[in-house]
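Where a number appears in this text, it was derived from the coordinates with a stated rule and is not lab data. None of the values given here were measured: they were computed from a predicted structure. Counting neighbours? That spans all protein chains shown, and the Cβs are built from the backbone with ideal geometry, glycine included.
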Amino acid sequence: MEIEAFKLTIETAKHIQSVYINNVWTTMGSYLVGFGWLLTSVEARSYLEQHQTLLLNIIKVVLVIFVIHGLVLIGACYNSYQLLNDISVTCLKISPGRLKTIIDSYSIPLYWPIISLFINGSIVFLLTQKLMQLRRIKL
């Protein structure tokens, strides 16, 4: 029974890590595609300049997606920590060295979300800055 619970916990840890990594790369790719399209398409910039409400809504969506992205990353990090902490408490039969290796292999350390949010946050900042350049202030 304990071995089955251990295997299930490891599979869950793998899934959490997979969701985390998928979220980071998908979000980064989406932002880079949007930013690249905005930089290279004169027609897109012109259209957005003429449709200020759409432009403002795009800025809001970019920022909301970033907040959701951050919540997913922090949630995955927290879930990973909790799950692997449970392993260390319940799996006393595994040697401490081997247990540490297992935990290190499947955990999401705190620096991962920090680095991911910094990188994707930088892209969001540049994208938002470019979008704000297209925004005309109406007085």
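Observations, loosely collected:
- Chain lengthening between Leu8 and Trp25 when straightened (0.36 nm per residue, less Cα-Cα): 3.5 nm
- Pairs of lysine residues in the chain that meet both criteria, 8 or more places apart or on different chains and Cα atoms under 23 Å apart, total 7.
- Helical runs (DSSP H, four residues minimum) scored at -39500 (n - 2.57) apiece and divided by the length of the chain put the mean residue ellipticity at 222 nm at -31000 deg cm²/dmol.
- Per-residue packing, averaged as other Cβ atoms within 10 Å, sorts the ranges 42-50, 122-130 into the order 122-130, 42-50, beginning with the highest.
- Inter-centroid distance (Cα atoms) of region 1-56 relative to region 91-132, Å: 15
- Label corresponding to volume of the Cα convex hull per residue in Å³ when calculated from the structure given, among (i) 89; (ii) 110; (iii) 147: (ii)
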